[in-house]
1. Would you pick out the residues in the range A:11-43 that are in a loop (DSSP other than H, G, I, E, B), surrounded by fewer than 11 Cβ atoms within 10 Å (Cβ to Cβ) and either among the hydrophobic types (A, V, I, L, M, F, W, C) or at pLDDT 85 or above (or both)?
2. Only one of (1) open to solvent by less than 10 Å² (accessible area, probe 1.4 Å); (2) over 20 Å from residue B:106 (Cα atoms); (3) in a helix (DSSP H, G or I); (4) within 14 Å of another protein chain (Cβ to nearest Cβ) is not met by residue B:68, so which one is it?
3. Within the range A:109-153, track down each residue that is over 14 Å from residue A:38 (Cα atoms), free of Cβ contacts under 8 Å to residues at least 24 places away in the same chain and open to solvent by 80 Å² or more (accessible area, probe 1.4 Å).
4. What are the residue pairs meeting all of these: first residue in the range A:172-190, first residue at the interface with chain B (Cβ under 8 Å from one of its Cβ atoms) and assigned to a helix (DSSP H, G or I), second residue of a type in the set (Ser, Thr, Tyr) and open to solvent by 10 Å² or more (accessible area, probe 1.4 Å), Cβ atoms under 8 Å, and 6 or more apart or on different chains?
5. What number of residues within the range B:21-49 satisfy the criterion of being within 14 Å of chain A (Cβ to nearest Cβ) and open to solvent by less than 10 Å² (accessible area, probe 1.4 Å)?
6. Condition (residue is of a type in the set (Lys, Arg), touching a strand residue (DSSP E or B) at 6+ places or on another chain (Cβ under 6 Å) and more than 30 Å from residue A:144 (Cβ to Cβ)) applied to the range A:101-112: is it met by at least one residue?
7. Would you mind stating whether residue A:229 is modelled with pLDDT under 85, crowded, with 18+ Cβ neighbours inside 10 Å and within 13 Å of chain B (Cβ to nearest Cβ)?
8. Checking the structure you have, find out if any residue of the range B:88-97 is more than 12 Å from chain A (Cβ to nearest Cβ) and open to solvent by less than 10 Å² (accessible area, probe 1.4 Å).
Amino acid sequence: MRPEISGVEMGENAARDEMDHGNEATLLRATLENMSQGVAMYDARHRLVIWNQLFRDYLDMPDEFLGTEHTFSDYIRYLGERGEFGDVDIEVALAQRLKQLETHHRFERTRPDGTVLEVRRDPVPGGGFIAIYTDITERKQAETKLREAKEAAESASRVKSAFLANMSHELRTPLNAIIGYSEILSEDAADEGNTAMVADLDKIQAAGKHLLGLINDILDLSKIEAGRMDVYLEQVFLSRMVEEVKTIVGPMMTKNANEFVIDCPVDIGTLRTDLTKLKQSLINLLSNAAKFTKQGTVTLRISRVTQVDGCGTVRFDVTDSGIGMSEEQMGRLFQAFTQADSSTTRNFGGTGLGLTITKHFAAMLGGAISVASEPGKGSTFTIELPAETRAAAADGSTGAVLDPGAPAEPGAITVLVVDDDPAVHEVLAATLGKEGYILRHARDGVEALNIMRADPPDLVTLDVMMPKIDGWSVLGIMKSEPALEHIPVIMLTIVDDRNLGYSLGASEYMTKPIDRQRLIALIHKFAPGSEEGVVLVVDDDPQVRALVRQTIESVGLHVAEAADGAEALAWLDAHRPPSLVLLDLMMPVMDGFTFLAQARAVPKFAELPIVVLTAKELTDHERDFLARNTLLILNKSAQPIGTLGAALAHIASHNR
Amino acid sequence: MTKILLVEDNEMNRDMLSRRLSRNGFEVVIAVNGQEGVDLALAEKPALILMDMSLPVLDGWEATRRVKANPETAGIPVIALTAHAMAKDRDDAMAAGCDEFDTKPVEMPRLLGKIRALLGLPD
């Protein structure tokens, strides 16, 4: 037993040089005692040779255990018997610790009195090891408190959001009745020629609509602040959007006898953005302009601008000849619940939330809003959005971005492998995994769909023959869900070598009745930017052709029609290749299958994008044919990997 | 008279909309849930269906899918009515097979415009 509170045990050789080393030993002791950690050093035979006071305190180690008489195993057994490690088999705990001693390791241990120790043990050169104990009780408590606070805050936020969503529904339902019935009564009164009552009923109606606007604004803002406002990107036809905006703001303009001027080039084209949010933003700005301008002019100007850094933007300027604002008023403009002047609320109404919401929306769409104004000289509000919108979340918000078509980051392409054969998973993991693709695995269709819905992958490889539901059904379900329909699918099936390879020309098919939105999306996918492009519509039903023609022409493309496969081949022979072919399968004279096979045989049509239009139910024969002609087909039994890798890269870049 | 099937579970909304449709010269048939909507679409063969989306028994999306899956009723245009003015809701309704989409509270001139356009009636 030693009198010192800390010890430096020395071997016989060392004792001979004690005089020389006395100074060093004192220094070492001082160092050890001034450390904020418990330190214990064991020699090659696991005997305690160096320790400090904190080590003794942390473990409540009795003095008789300190020193070379006992080994590490003795301490562990002693501590275990004392109940230090809880209700465990001491020999098992010891064996585990002895094994760990061979390497650097670190763990946390909660002692019976609640203190938390971080224990680090490191082997030292020449045998033995050093153990360092840190009391992390306070840190742990702080972490727990922080986590609890965070969970409480999140829970409160969830409750608040749910409350607001429910509340807004509860508020809107009676409000709908107030607005609706006052409208009905107003129509009745008008029929009876009771103009005085019409005026009063219209006031009820207007007040109801105003209240509805307030509720919607508050709900929007609370959603933005809770990070629950989703951005939904789609291809927006700007001139069409302007027409819609015009219909809505037109009556507001006439109210104050303002002239509404739209300055938008006819060839302004499209912008990939969130239509609802952009529209709402413009309506907010335009209704403000209409409100603060009397017998003046309000102008909406849309233009494409190329920035100095070469990035394109689309600029929306809303200019009015109204009352204008001072610098100071402009400074408060975008804050919630404030208008430029509190008296404006009395004079002009409004929630004071419109500009705040608009500012958030602009940020969520990757752009910004700015204002220029002078008192008495009118104002110009400008929203500038990037021509290529990569959705950005608003400041501080984490709104989910629903963009099924969004490109993956290079080198981070997620591939979901759906196959009931474990060998396929292994082969793909070994090859694609090495290429840097992130692989995820599903053993059947149900599991695959669950994974896709939870977190859509960039690509899916799909086996055809699987238990539960087969690959075609999975494909069908994917194509019917907006969140999944854009995910490129590669069918993996067993086919003979001569069919090995892929024909990407028709990596899509559509079901009837035709969904207009989806058709437009497909056209943009396969014929991007080709304003003069021609879409060849091959269908024996003139009604279908007319319907499709209408949709295609509405986006500014031309249409050529063919009533069967033979007519389509003749058209292809006589014209330049179209941007896209929409192909019905069941047709007289020459059906779609034959057309596909024949068109396929001509080299210049190998890359021709063909979208097959089908009834929802395919026969086995049709499925088989589609399997061979419209989707990527690979032979699992052959050597698919090189082809698959190339195909993946191709589709990934195509999809980008 | 042109027959419109209105599928709506909220009594006041149903009352308001049916009265205003009648006033505008339509014959209105009422269903109070999605299943009744599907049944009446088949039995009554209306010229057009106005379909609320949040409905009991069978929701509006599923009811629309069933109407569109039956060859006897597939040709009837369906206008989805929903309180949620979200692009996602619009797309979901379109994906279910709806031909048009409108948000509640209903603005009568706008809704009438859509009904007339789908039925090829003059304004």
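The values are calculated or read from the model by the stated rules, or taken from the named source; none is laboratory data. The structure presented is a predicted model; accordingly, all values stated were derived computationally and were not measured. Counting neighbours? That spans all protein chains shown, and the Cβs are built from the backbone with ideal geometry, glycine included. Heavy atoms of the whole protein, side chains included, go into the accessibility calculation; ligands, DNA and RNA do not. Shrake-Rupley method; radii C 1.70, N 1.55, O 1.52, S 1.80 Å.
1. Passing the criteria: A:34, A:36.
2. That leaves (1) as the condition not met.
3. Correct list: A:110, A:113, A:125, A:138, A:139, A:141, A:145, A:146, A:147, A:148, A:150, A:151.
4. none
5. Counting residues in the range B:21-49 that are within 14 Å of chain A (Cβ to nearest Cβ) and open to solvent by less than 10 Å² (accessible area, probe 1.4 Å) gives 1.
6. No: zero hits.
7. Answer is yes for this residue.
8. no
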